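The values are calculated or read from the model by the stated rules, or taken from the named source; none is laboratory data. No experiment lies behind these values; they were computed from the predicted model shown. Note: ideal-geometry Cβ built from the backbone for every residue, glycine included; neighbour counts use all protein chains shown. The accessibility values were calculated without ligands, DNA or RNA, using every heavy atom of the protein model including side chains. Shrake-Rupley method; radii C 1.70, N 1.55, O 1.52, S 1.80 Å.
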Amino acid sequence: MKKILVCLILVMTQMSYAQKVLTAQQSDPKNFNWMKGFPPAKEDILSAIDGSFFNFPALRYSVCHMREFFPTVNVASAQENRYTWVSKLDKNIDKITFTPLESKETMTWEASLQKNYTDGIIVLHKGTIVYEKYFGELDSQGRHALMSVSKTLTGTLGGMLVAEGILDEHKKCSDYIPELKTSAFGDATIRQVLDMTTALQYSEDYSDPNAEVWAFSAAGNPFPKPANYNGPTNYYDYLKTVKKNGKHGEAFGYKTVNTDVMGWIITKVMNKPLAQILSEKFWQPLGTNFDGYYQIDGAGIAFAGGGFNANLRDLAMFGEMIRNNGYFNNKQILPKNLVEEIKKGGSKQAFAKADYKLLKGWSYKDMWWVTNNEHQAFMARGVHGQAIYVDPKAEMVIVRFASNLVASNSANDPYSLPAYDAVAKYLLNKKEN
């Protein structure tokens with residue numbers, strides 16, 4: 001009877017946002033029997049085929065097990081010179097208080113983690129781990145879905161190839177991928193794609209069943225298509241169909257297809273799969289300890305815009321490398337001038353046209369979100385709460401994995417952005433003392 005009641009509650013949580021009331025503690029995967037047993041009981045099976053794997057609260061389990069639901073391709077970690085972190089944990093960080101955006105009530109850092117359904121979080125100060133915690137299904141050796149933080153890895157790769165002269169940011173996408181000539185990307189420049197100022201007829205409104213994002217997802221679905229399906233059968237085929245809407249270069253528009261076009265261009269000029277490029281350019285030089293992996297479509301194409309999965313400490317290496325102007329593990333991995341350009345950000349005017357209520361004054365550069373605040377902080381962002389937050393002034397990097405029931409970052413930002421700033425100020429004062 002208890003199990004039936006739990007299942008009934010889970011069904012009710014899908015009916016409306018107002019009814020999705022399970023807290024982080026209540027929705028902890030440890031409270032459920034998902035995918036347990038050999039085989040699991042029918043009611044405990046989660047599946048990508050019927051979508052049950054990503055219904056809340058099941059997504060809290062799935063984000064740590066994505067390769068059990070989809071075909072994937074490995075991103076090899078370092079085989080030598082693996083990096084070892086130094087930890088000096090500061091228990092006072094839990095007690096730091098801040099005021100959430102559009103609120104008058106203060107909150108502690110510790111409470112904010114549960115509010116945002118955090119699965120794992122690390123705070124680095126001057127390259128030392130000063131805070132590290134895991135919740136739910138994640139542990140220190142696990143891998144977690146990065147969602148759109150994947151975009152930042154792709155954008156950084158693209159920016160790196162521009163800095164190295166392999167890509168010309170002024171050339172058009174069709175100069176590298178002739179198959180895109182008749183699409184919206186045909187006359188878009190590499191720079192416009194990297195900064196997402198392309199003008200596309202493409203909606204990423206997940207609440208709209210007619211939004212183009214669903215057609216893109218259908219194309220990338222690796223499972224057999226319905227008998228009456230006659231659309232594109234992989235990511236690249238879909239990209240060739242995207243229509244233009246407006247003039248490129250005038251307004252920022254956050255659209256995943258930009259990243260997958262960049263992934264296609266990167267693989268074309270390097271003549272290697274994206275997973276191999278990411279491993280050779282980032283994962284091995286960083287000294288990562290665990291293989292990452294990409295989810296792939298039916299043609300074996302990596303989902304550049306949202307399909308990367310990685311270990312928390314390994315992703316922290318990437319964040320610390322960026323904070324150190326491309327230098328990490330005794331080597332210059334990224335050109336220093338690339339990181340300097342990212343910090344400067346993109347066009348504030350173009351970004352403002354997207355009308356993000358909580359991100360006034362921000363900009364976007366090489367698929368990084370740039371705050372333009374007094375600390376020159378910038379970040380990578382992904383749905384359900386994934387983040388890399390780099391604060392150069394405070395010499396701080398925060399990396400978070402989460403499984404918030406609400407996909408949009410607008411649900412996390414009020415309890416995350418001021419929290420990050422509060423920790424930065426604490427570390428700065430600690431430095432001065």
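Brief remarks follow.
- Residue selected from the range 92-108 under the condition out of contact with any Pro (no Cβ under 9 Å at 6 or more places or on another chain) and in a strand (DSSP E or B), by the criterion farthest from residue 56 (Cα to Cα): 97
- Verdict on residue 258 being in a loop (DSSP other than H, G, I, E, B) and over 26 Å from residue 119 (Cβ atoms): no
- Residues of the range 77-95 classified as of a type in the set (A, V, I, L, M, F, W, C) and out of contact with any strand residue (DSSP E or B) (no Cβ under 7 Å at 6 or more places or on another chain), total: 1
- The condition of being of a type in the set (Val, Ile, Thr), loosely packed, with under 13 Cβ neighbours inside 10 Å and over 22 Å from the mean Cα position of the chain (by Cα) holds for only one of 130, 86, that being 86.
- For the range 180-195, the count of residues that are within 25 Å of the chain's Cα centre (by Cα), basic (Lys, Arg) and modelled with pLDDT of 95 or more is nonzero.
- Flag if residue 289 is open to solvent by less than 10 Å² (accessible area, probe 1.4 Å) and either closer than 29 Å to residue 405 by Cβ or out of contact with any His (no Cβ under 8 Å at 6 or more places or on another chain) (or both): no
- Residue match in the range 256-265 (condition: modelled with pLDDT of 95 or more, open to solvent by 50 Å² or more (accessible area, probe 1.4 Å) and within 24 Å of the chain's Cα centre (by Cα)): no
- The numbered conditions (1) out of contact with any strand residue (DSSP E or B) (no Cβ under 7 Å at 6 or more places or on another chain); (2) surrounded by 16 or more Cβ atoms within 10 Å (Cβ to Cβ) are all true for residue 169 except (1).
- Of all residues in the range 213-240, those that are in contact with a helix residue (DSSP H, G or I) (Cβ under 8 Å, 6 or more places away or on another chain) and either under 22 Å from residue 150 (Cβ atoms) or open to solvent by 50 Å² or more (accessible area, probe 1.4 Å) (or both) total 16.
- Qualifying position, being open to solvent by 10 Å² or more (accessible area, probe 1.4 Å), out of contact with any Phe, Trp or Tyr (no Cβ under 7 Å at 6 or more places or on another chain), assigned to a helix (DSSP H, G or I) and hydrophobic (A, V, I, L, M, F, W, C), among 417, 427: 417
- Residue 67 vs. criteria part of a loop (DSSP other than H, G, I, E, B), of a type outside the set (A, V, I, L, M, F, W, C) and closer than 30 Å to residue 278 by Cβ: no
- Which listed residue is at pLDDT 95 or above and farther than 24 Å from residue 176 by Cα, from 273, 285: 285
- Filtering the range 91-118 to residues that are of a type outside the set (S, T, N, Q), more than 19 Å from residue 139 (Cβ to Cβ) and buried (at least 18 other Cβ atoms within 10 Å of the Cβ) leaves 93, 96, 98, 100, 107, 109, 115.
- Scope the range 110-151; condition in contact with a helix residue (DSSP H, G or I) (Cβ under 9 Å, 6 or more places away or on another chain) and of a type in the set (Ser, Thr, Tyr); matching residues: 112, 117, 118, 131, 134, 140, 148, 150
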